[in-house]
Amino acid sequence: MVKCPRCGKEVSSRPGTICPRCGLNVSEVNAKIRCPEQNCRALVSKKLEYCPKCGCKLRGYKFNELMRMARNKIDEVLYDDKE
């Protein structure tokens with residue numbers, strides 16, 4: 001059981017739980033994701049835009065930013081293994 005962050009009523013912690021008192025989807029509010037930064041990997045709230053531990057951007061990426069991150073990761077895997 002967890003408390004609804006909006007009204008304080010105790011509700012189930014199962015995925016998809018909606019507070020019967022105020023209608024808030026509690027499972028979405030409490031959802032966590034991992035920071036994408038390799039050196040951080042902190043477990044943070046899905047609602048945040050930046051990681052509180054390292055400052056890495058968590059969401060709202062533009063397409064060219066995603067492509068740059070993918071290229072960097074590919075280069076890491078291909079060229080760091082050869083050293």
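State yes or no: is N39 open to solvent by 80 Å² or more (accessible area, probe 1.4 Å) and assigned to a loop (DSSP other than H, G, I, E, B)?
yes
What pairs come out if I take residues in segment 6-30 that are of a type in the set (D, E, K, R) and open to solvent by 70 Å² or more (accessible area, probe 1.4 Å) and pair them with residues that are assigned to a loop (DSSP other than H, G, I, E, B) and modelled with pLDDT under 85 whose C-beta lies under 7 Å away, six or more apart or interchain?
E10/M1
Among the candidates R21, R34, R41, which residue alone is touching a Cys at 6+ places or on another chain (Cβ under 8 Å) and closer than 27 Å to E65 by Cβ?
R41
For segment 47-83, how many residues are touching an Asp or Glu at 6+ places or on another chain (Cβ under 7 Å) and at positive phi?
1
The values are calculated or read from the model by the stated rules, or taken from the named source; none is laboratory data. Because the structure is predicted, anything quoted here is derived from the model rather than measured. Please note: Cβ atoms are built from the backbone with ideal geometry, for glycine as well, and neighbour counts cover all protein chains shown. To get the accessible areas, we keep the full protein, side chains included, count just its heavy atoms, and leave off ligands, DNA and RNA. Shrake-Rupley method; radii C 1.70, N 1.55, O 1.52, S 1.80 Å.
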